[in-house]
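Read the structure below first, then the notes.
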Amino acid sequence: MEAKIIRLASRPKGMPTLENFAFDAQQMPSPQEGELLLKALYISVDPYMRGRMSDAKSYVAPYAVGEPITGGVVAEVVESRHAHFAKGDVVLGTLPWQTYCISDGSGLNKLPQKVAPLSYYLGILGMPGLTAYCGLFLIGAPKAGETVVVSGAAGAVGTVVGQLAKINGCRVVGIAGSDEKIRYLTEELGFDVALNYKTTHNIGAAIAEACPDGVDIYFDNVGGEISDGVYARINKFARIAICGQIATYNATTPPVGPRVEGTLLKKSALMKGFIVSDYASHFGEATRDLARWVQEGKLQYQEHIIEGFENLPNAFFGLFTGENTGKQLVKVAEPSPIQT
(Lines give C-alpha, C1' and ligand atoms only; values in the text may rest on other atoms or scores of the structure.)
Protein backbone atom coordinates (compact mmCIF):
# COMPACT_ATOMS: atom_id res chain seq x y z
CA MET A 1 0.00 0.00 0.00
CA GLU A 2 1.43 3.36 -1.03
CA ALA A 3 1.25 6.33 1.32
CA LYS A 4 1.50 9.94 0.20
CA ILE A 5 3.68 12.05 2.52
CA ILE A 6 4.32 15.77 3.01
CA ARG A 7 7.67 16.66 4.57
CA LEU A 8 9.26 19.90 5.74
CA ALA A 9 11.71 20.67 2.94
CA SER A 10 13.21 23.85 4.42
CA ARG A 11 12.59 26.34 7.18
CA PRO A 12 10.52 29.32 6.01
CA LYS A 13 11.61 32.92 6.37
CA GLY A 14 8.48 34.99 6.77
CA MET A 15 5.32 33.57 5.24
CA PRO A 16 5.73 29.87 4.29
CA THR A 17 5.54 28.91 0.62
CA LEU A 18 5.13 25.65 -1.27
CA GLU A 19 8.93 25.50 -1.59
CA ASN A 20 9.08 24.74 2.13
CA PHE A 21 7.17 21.48 1.61
CA ALA A 22 8.23 18.28 -0.15
CA PHE A 23 5.73 15.78 -1.56
CA ASP A 24 6.76 12.16 -1.39
CA ALA A 25 5.38 8.62 -1.44
CA GLN A 26 6.48 5.27 -0.05
CA GLN A 27 5.18 1.74 0.31
CA MET A 28 3.81 0.96 3.75
CA PRO A 29 4.84 -2.29 5.43
CA SER A 30 2.32 -4.54 7.15
CA PRO A 31 1.99 -3.80 10.87
CA GLN A 32 4.09 -5.94 13.20
CA GLU A 33 2.94 -7.33 16.53
CA GLY A 34 1.77 -4.41 18.70
CA GLU A 35 1.28 -2.10 15.70
CA LEU A 36 -1.61 -0.89 13.56
CA LEU A 37 -2.00 0.58 10.09
CA LEU A 38 -3.94 3.85 10.02
CA LYS A 39 -5.73 5.65 7.20
CA ALA A 40 -6.00 9.43 7.62
CA LEU A 41 -9.55 10.77 7.40
CA TYR A 42 -9.20 14.39 8.56
CA ILE A 43 -6.01 16.37 9.16
CA SER A 44 -5.88 19.59 11.16
CA VAL A 45 -3.87 22.67 10.24
CA ASP A 46 -3.17 25.03 13.13
CA PRO A 47 -1.29 28.31 13.63
CA TYR A 48 1.13 26.79 16.18
CA MET A 49 2.62 24.72 13.36
CA ARG A 50 4.31 27.84 11.99
CA GLY A 51 6.41 28.06 15.14
CA ARG A 52 7.48 24.44 14.79
CA MET A 53 8.79 25.15 11.30
CA SER A 54 11.50 27.36 12.75
CA ASP A 55 14.32 26.06 14.91
CA ALA A 56 13.81 28.60 17.69
CA LYS A 57 13.39 27.13 21.16
CA SER A 58 9.74 26.92 22.15
CA TYR A 59 7.29 24.87 24.23
CA VAL A 60 7.43 22.05 21.69
CA ALA A 61 10.29 20.66 19.60
CA PRO A 62 10.66 22.03 16.05
CA TYR A 63 9.92 19.92 13.01
CA ALA A 64 13.01 18.27 11.56
CA VAL A 65 13.87 19.21 7.99
CA GLY A 66 13.29 16.21 5.75
CA GLU A 67 10.78 14.60 8.13
CA PRO A 68 6.98 14.57 7.80
CA ILE A 69 4.98 17.41 9.30
CA THR A 70 2.90 16.17 12.25
CA GLY A 71 -0.34 17.39 13.76
CA GLY A 72 -3.81 16.42 14.85
CA VAL A 73 -5.31 13.63 12.75
CA VAL A 74 -8.51 11.60 12.87
CA ALA A 75 -7.69 8.22 11.37
CA GLU A 76 -9.26 4.82 10.82
CA VAL A 77 -7.63 1.53 11.76
CA VAL A 78 -7.41 -0.52 8.56
CA GLU A 79 -5.27 -3.33 9.95
CA SER A 80 -4.36 -4.12 13.54
CA ARG A 81 -2.01 -6.39 15.43
CA HIS A 82 -2.51 -4.37 18.60
CA ALA A 83 -4.48 -5.75 21.54
CA HIS A 84 -6.33 -2.48 22.22
CA PHE A 85 -7.39 -1.53 18.69
CA ALA A 86 -9.48 -3.33 16.08
CA LYS A 87 -10.03 -2.85 12.39
CA GLY A 88 -12.67 -0.16 11.90
CA ASP A 89 -11.84 1.78 15.07
CA VAL A 90 -11.50 5.52 14.57
CA VAL A 91 -8.80 7.27 16.58
CA LEU A 92 -7.47 10.73 17.31
CA GLY A 93 -3.78 11.41 17.69
CA THR A 94 -0.76 13.46 16.73
CA LEU A 95 0.30 11.78 13.52
CA PRO A 96 2.38 12.52 10.42
CA TRP A 97 1.01 14.17 7.30
CA GLN A 98 0.59 10.85 5.51
CA THR A 99 -2.39 9.18 3.88
CA TYR A 100 -1.38 5.95 5.69
CA CYS A 101 0.99 5.40 8.59
CA ILE A 102 2.10 2.72 11.05
CA SER A 103 1.55 3.39 14.77
CA ASP A 104 2.35 1.54 17.98
CA GLY A 105 -0.81 3.00 19.52
CA SER A 106 0.97 5.54 21.71
CA GLY A 107 -1.10 8.70 22.23
CA LEU A 108 -4.11 7.41 20.30
CA ASN A 109 -7.61 7.85 21.66
CA LYS A 110 -10.59 5.88 20.33
CA LEU A 111 -13.47 8.06 19.19
CA PRO A 112 -17.19 7.33 19.40
CA GLN A 113 -18.54 7.28 15.85
CA LYS A 114 -22.17 8.23 16.47
CA VAL A 115 -21.97 11.11 18.98
CA ALA A 116 -20.78 13.92 16.67
CA PRO A 117 -19.17 14.30 13.23
CA LEU A 118 -15.66 12.86 13.38
CA SER A 119 -14.17 16.17 12.26
CA TYR A 120 -15.47 17.79 15.47
CA TYR A 121 -12.77 15.95 17.43
CA LEU A 122 -10.20 18.18 15.72
CA GLY A 123 -12.30 21.24 16.51
CA ILE A 124 -14.93 22.00 19.07
CA LEU A 125 -14.53 18.63 20.83
CA GLY A 126 -10.76 18.63 20.35
CA MET A 127 -7.84 20.98 20.92
CA PRO A 128 -9.57 24.24 19.81
CA GLY A 129 -12.61 23.62 21.99
CA LEU A 130 -10.47 22.64 24.97
CA THR A 131 -8.28 25.71 24.42
CA ALA A 132 -11.31 27.99 24.41
CA TYR A 133 -12.82 26.38 27.50
CA CYS A 134 -9.64 26.28 29.59
CA GLY A 135 -8.42 29.73 28.61
CA LEU A 136 -11.74 31.43 29.23
CA PHE A 137 -12.83 29.67 32.41
CA LEU A 138 -9.50 28.94 34.10
CA ILE A 139 -7.77 32.24 33.27
CA GLY A 140 -10.61 34.60 32.37
CA ALA A 141 -12.94 33.41 35.16
CA PRO A 142 -15.92 35.23 33.60
CA LYS A 143 -18.74 36.68 35.67
CA ALA A 144 -22.19 37.54 34.37
CA GLY A 145 -22.36 41.11 33.09
CA GLU A 146 -18.64 41.44 32.33
CA THR A 147 -17.33 42.50 28.92
CA VAL A 148 -15.25 39.95 27.03
CA VAL A 149 -13.25 40.86 23.91
CA VAL A 150 -12.04 38.10 21.57
CA SER A 151 -9.51 38.68 18.79
CA GLY A 152 -9.40 36.17 15.95
CA ALA A 153 -13.05 35.76 16.89
CA ALA A 154 -14.12 33.91 13.74
CA GLY A 155 -11.45 31.22 14.06
CA ALA A 156 -11.71 27.76 15.54
CA VAL A 157 -10.95 28.94 19.09
CA GLY A 158 -12.48 32.40 18.98
CA THR A 159 -15.94 31.27 17.89
CA VAL A 160 -16.12 28.92 20.86
CA VAL A 161 -14.76 31.48 23.36
CA GLY A 162 -17.43 34.01 22.44
CA GLN A 163 -20.27 31.52 22.74
CA LEU A 164 -19.00 30.19 26.07
CA ALA A 165 -18.85 33.76 27.37
CA LYS A 166 -22.45 34.33 26.24
CA ILE A 167 -23.53 31.11 27.96
CA ASN A 168 -21.95 32.59 31.08
CA GLY A 169 -23.95 35.83 30.80
CA CYS A 170 -21.21 38.11 29.48
CA ARG A 171 -21.30 40.88 26.90
CA VAL A 172 -19.07 39.77 24.01
CA VAL A 173 -17.17 41.83 21.44
CA GLY A 174 -15.44 39.96 18.62
CA ILE A 175 -12.76 41.19 16.24
CA ALA A 176 -12.40 39.53 12.81
CA GLY A 177 -11.33 40.32 9.25
CA SER A 178 -14.31 40.36 6.88
CA ASP A 179 -17.88 41.59 6.73
CA GLU A 180 -19.11 38.02 6.26
CA LYS A 181 -17.32 36.97 9.45
CA ILE A 182 -18.82 39.94 11.28
CA ARG A 183 -22.30 38.90 10.14
CA TYR A 184 -21.65 35.31 11.23
CA LEU A 185 -20.46 36.35 14.68
CA THR A 186 -23.37 38.67 15.41
CA GLU A 187 -26.28 37.06 13.56
CA GLU A 188 -25.50 33.38 14.05
CA LEU A 189 -23.31 33.11 17.14
CA GLY A 190 -24.88 35.86 19.22
CA PHE A 191 -21.88 38.17 19.74
CA ASP A 192 -23.14 41.56 20.92
CA VAL A 193 -20.74 43.53 18.71
CA ALA A 194 -18.16 42.53 16.08
CA LEU A 195 -15.50 44.73 14.47
CA ASN A 196 -13.87 44.27 11.07
CA TYR A 197 -10.29 45.31 11.74
CA LYS A 198 -9.49 45.41 8.02
CA THR A 199 -12.02 48.17 7.32
CA THR A 200 -11.75 50.00 10.66
CA HIS A 201 -9.54 53.09 10.37
CA ASN A 202 -8.79 53.39 14.09
CA ILE A 203 -9.16 50.04 15.84
CA GLY A 204 -8.43 51.54 19.27
CA ALA A 205 -11.26 54.06 18.92
CA ALA A 206 -13.60 51.36 17.62
CA ILE A 207 -12.83 49.13 20.62
CA ALA A 208 -13.45 52.05 22.98
CA GLU A 209 -16.84 52.69 21.36
CA ALA A 210 -17.75 48.99 21.44
CA CYS A 211 -16.74 48.68 25.11
CA PRO A 212 -18.16 51.76 26.87
CA ASP A 213 -17.77 50.05 30.26
CA GLY A 214 -14.23 48.89 29.51
CA VAL A 215 -12.85 45.37 29.04
CA ASP A 216 -12.89 42.81 31.83
CA ILE A 217 -11.54 39.81 29.89
CA TYR A 218 -9.45 39.79 26.73
CA PHE A 219 -8.93 36.46 24.97
CA ASP A 220 -6.07 37.16 22.58
CA ASN A 221 -5.48 35.00 19.52
CA VAL A 222 -3.82 37.68 17.41
CA GLY A 223 -1.55 40.20 19.15
CA GLY A 224 -0.19 43.23 17.30
CA GLU A 225 -2.08 46.51 16.94
CA ILE A 226 -5.42 44.93 17.80
CA SER A 227 -4.15 43.96 21.23
CA ASP A 228 -2.63 47.41 21.73
CA GLY A 229 -6.12 48.85 21.22
CA VAL A 230 -7.66 46.47 23.75
CA TYR A 231 -5.04 47.07 26.45
CA ALA A 232 -5.94 50.77 26.49
CA ARG A 233 -9.49 49.84 27.57
CA ILE A 234 -8.92 47.20 30.26
CA ASN A 235 -10.64 47.60 33.61
CA LYS A 236 -9.34 47.19 37.14
CA PHE A 237 -8.60 43.50 37.77
CA ALA A 238 -8.94 42.60 34.07
CA ARG A 239 -7.78 39.16 32.96
CA ILE A 240 -5.92 38.66 29.68
CA ALA A 241 -5.46 35.14 28.27
CA ILE A 242 -2.71 34.99 25.64
CA CYS A 243 -3.61 32.08 23.38
CA GLY A 244 -1.93 33.06 20.10
CA GLN A 245 -0.06 35.85 18.35
CA ILE A 246 -0.80 35.05 14.73
CA ALA A 247 -0.20 38.65 13.65
CA THR A 248 3.51 38.19 14.39
CA TYR A 249 4.18 34.54 13.50
CA ASN A 250 5.62 35.37 10.07
CA ALA A 251 7.50 38.50 11.18
CA THR A 252 11.17 38.58 10.21
CA THR A 253 12.08 41.19 12.83
CA PRO A 254 10.93 41.48 16.46
CA PRO A 255 7.65 43.42 16.70
CA VAL A 256 7.71 46.79 18.45
CA GLY A 257 4.70 48.21 20.25
CA PRO A 258 3.52 49.91 23.43
CA ARG A 259 4.95 48.47 26.60
CA VAL A 260 2.04 46.99 28.52
CA GLU A 261 3.59 46.52 31.97
CA GLY A 262 2.56 49.95 33.24
CA THR A 263 -1.04 49.40 32.25
CA LEU A 264 -1.11 45.99 33.94
CA LEU A 265 0.32 47.54 37.09
CA LYS A 266 -2.12 50.45 37.26
CA LYS A 267 -5.09 48.17 36.56
CA SER A 268 -3.96 45.30 38.83
CA ALA A 269 -4.56 43.18 35.75
CA LEU A 270 -3.52 39.59 35.05
CA MET A 271 -1.90 38.63 31.73
CA LYS A 272 -1.17 34.94 31.33
CA GLY A 273 0.08 33.03 28.34
CA PHE A 274 -0.98 29.41 28.15
CA ILE A 275 -0.72 26.19 26.19
CA VAL A 276 -3.79 23.99 26.33
CA SER A 277 -1.79 21.02 27.62
CA ASP A 278 -1.11 23.06 30.79
CA TYR A 279 -4.68 22.23 31.78
CA ALA A 280 -4.82 18.54 30.83
CA SER A 281 -6.29 17.67 34.23
CA HIS A 282 -9.43 19.62 33.25
CA PHE A 283 -9.97 17.99 29.84
CA GLY A 284 -12.54 15.51 31.13
CA GLU A 285 -14.92 18.12 32.52
CA ALA A 286 -14.29 20.41 29.53
CA THR A 287 -15.14 17.71 27.00
CA ARG A 288 -18.30 16.75 28.89
CA ASP A 289 -19.50 20.36 29.05
CA LEU A 290 -18.67 21.09 25.41
CA ALA A 291 -20.39 17.93 24.18
CA ARG A 292 -23.48 18.68 26.24
CA TRP A 293 -23.74 22.26 24.98
CA VAL A 294 -23.30 21.10 21.38
CA GLN A 295 -26.06 18.52 21.80
CA GLU A 296 -28.31 21.11 23.48
CA GLY A 297 -27.78 23.54 20.60
CA LYS A 298 -26.12 26.14 22.83
CA LEU A 299 -22.84 25.91 20.89
CA GLN A 300 -22.87 26.41 17.13
CA TYR A 301 -19.85 25.36 15.15
CA GLN A 302 -18.58 25.95 11.64
CA GLU A 303 -15.81 24.16 9.79
CA HIS A 304 -13.83 25.17 6.73
CA ILE A 305 -13.05 21.80 5.15
CA ILE A 306 -10.80 21.53 2.11
CA GLU A 307 -10.78 18.28 0.15
CA GLY A 308 -7.59 16.49 -0.83
CA PHE A 309 -4.36 15.53 0.93
CA GLU A 310 -2.31 17.52 -1.59
CA ASN A 311 -4.05 20.71 -0.45
CA LEU A 312 -2.67 20.59 3.11
CA PRO A 313 -0.05 23.33 2.54
CA ASN A 314 -2.58 25.66 0.93
CA ALA A 315 -5.01 25.06 3.79
CA PHE A 316 -2.21 25.95 6.20
CA PHE A 317 -1.43 29.17 4.31
CA GLY A 318 -5.11 30.11 4.57
CA LEU A 319 -4.78 30.43 8.34
CA PHE A 320 -2.56 33.49 7.85
CA THR A 321 -4.62 35.14 5.12
CA GLY A 322 -7.93 34.83 6.97
CA GLU A 323 -9.63 32.47 4.53
CA ASN A 324 -11.25 30.28 7.17
CA THR A 325 -14.28 30.84 9.33
CA GLY A 326 -14.21 28.29 12.12
CA LYS A 327 -11.89 25.31 12.13
CA GLN A 328 -9.62 24.79 9.10
CA LEU A 329 -9.39 21.11 8.14
CA VAL A 330 -8.40 18.91 5.23
CA LYS A 331 -10.53 15.89 4.43
CA VAL A 332 -8.33 13.09 3.17
CA ALA A 333 -10.67 10.09 2.92
CA GLU A 334 -14.13 8.81 3.80
CA PRO A 335 -14.45 6.47 6.76
CA SER A 336 -15.58 2.92 6.06
CA PRO A 337 -19.28 2.28 6.68
CA ILE A 338 -20.03 1.44 10.33
CA GLN A 339 -20.82 -2.24 10.67
CA THR A 340 -24.09 -2.98 12.50
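The values are calculated or read from the model by the stated rules, or taken from the named source; none is laboratory data. Note that the structure is predicted; figures quoted are calculated from it, not measured. Neighbour counts run over all protein chains shown; Cβ positions are idealised from the backbone, glycine included.
Among the residues of region 62-76, those identified as among the aliphatic types (A, V, I, L, M), more than 18 Å from the chain's Cα centre (by Cα) and part of a loop (DSSP other than H, G, I, E, B) are A64, V65. Can you say whether F274 is surrounded by 14 or more Cβ atoms within 10 Å (Cβ to Cβ) and either in the same structural domain as L18 (by TED's automatic domain parsing) or β-branched (V, I, T) (or both), as far as the supplied structure shows? Against the criterion (surrounded by 14 or more Cβ atoms within 10 Å (Cβ to Cβ) and either in the same structural domain as L18 (by TED's automatic domain parsing) or β-branched (V, I, T) (or both)), F274 does not qualify. The condition of being in contact (Cβ under 8 Å) with a residue 12 or more places away in the chain, of a type in the set (S, T, N, Q) and out of contact with any Pro (no Cβ under 7 Å at 6 or more places or on another chain) holds for T325.
Scanning region 306-329 for residues being part of a strand (DSSP E or B), within 15 Å of P128 (Cα to Cα) and at pLDDT 90 or above gives a total of 3.
Would you please name the residue that is nearest to P62 (Cα to Cα), looking only at residues in region 87-102 that are over 24 Å from the mean Cα position of the chain (by Cα) and touching a residue at least 60 places away in the same chain (Cβ under 8 Å)? Restricting to residues being over 24 Å from the mean Cα position of the chain (by Cα) and touching a residue at least 60 places away in the same chain (Cβ under 8 Å), the top hit is I102. Of E33, E79, all but one fail to be of a type outside the set (V, I, T) and either surrounded by 13 or more Cβ atoms within 10 Å (Cβ to Cβ) or assigned to a strand (DSSP E or B) (or both); the exception is E79. Candidates in region 174-232 are the residues that are buried (at least 21 other Cβ atoms within 10 Å of the Cβ) and acidic (D, E); of these, the one that is nearest to R259 (Cα to Cα) is D220. Residues in region 28-59 that are of a type in the set (A, V, I, L, M, F, W, C) and touching a residue at least 60 places away in the same chain (Cβ under 8 Å): M28, L36, L37, L38, A40, L41, I43, V45, M49.
Across region 233-245, which residue is surrounded by the most Cβ atoms within 10 Å (Cβ to Cβ) among those that are touching a helix residue (DSSP H, G or I) at 6+ places or on another chain (Cβ under 7 Å) and closer than 19 Å to Y59 by Cβ? Applying the filter and picking the extreme gives C243. In the set (1) within 17 Å of the chain's Cα centre (by Cα); (2) not assigned by TED's automatic domain parsing to the domain that holds P112, the condition left unmet by I306 is number (2). When E303, E310, E285, E323 are checked against the criterion of being within 18 Å of L41 (Cβ to Cβ) and out of contact with any strand residue (DSSP E or B) (no Cβ under 6 Å at 6 or more places or on another chain), a single residue qualifies: E310.
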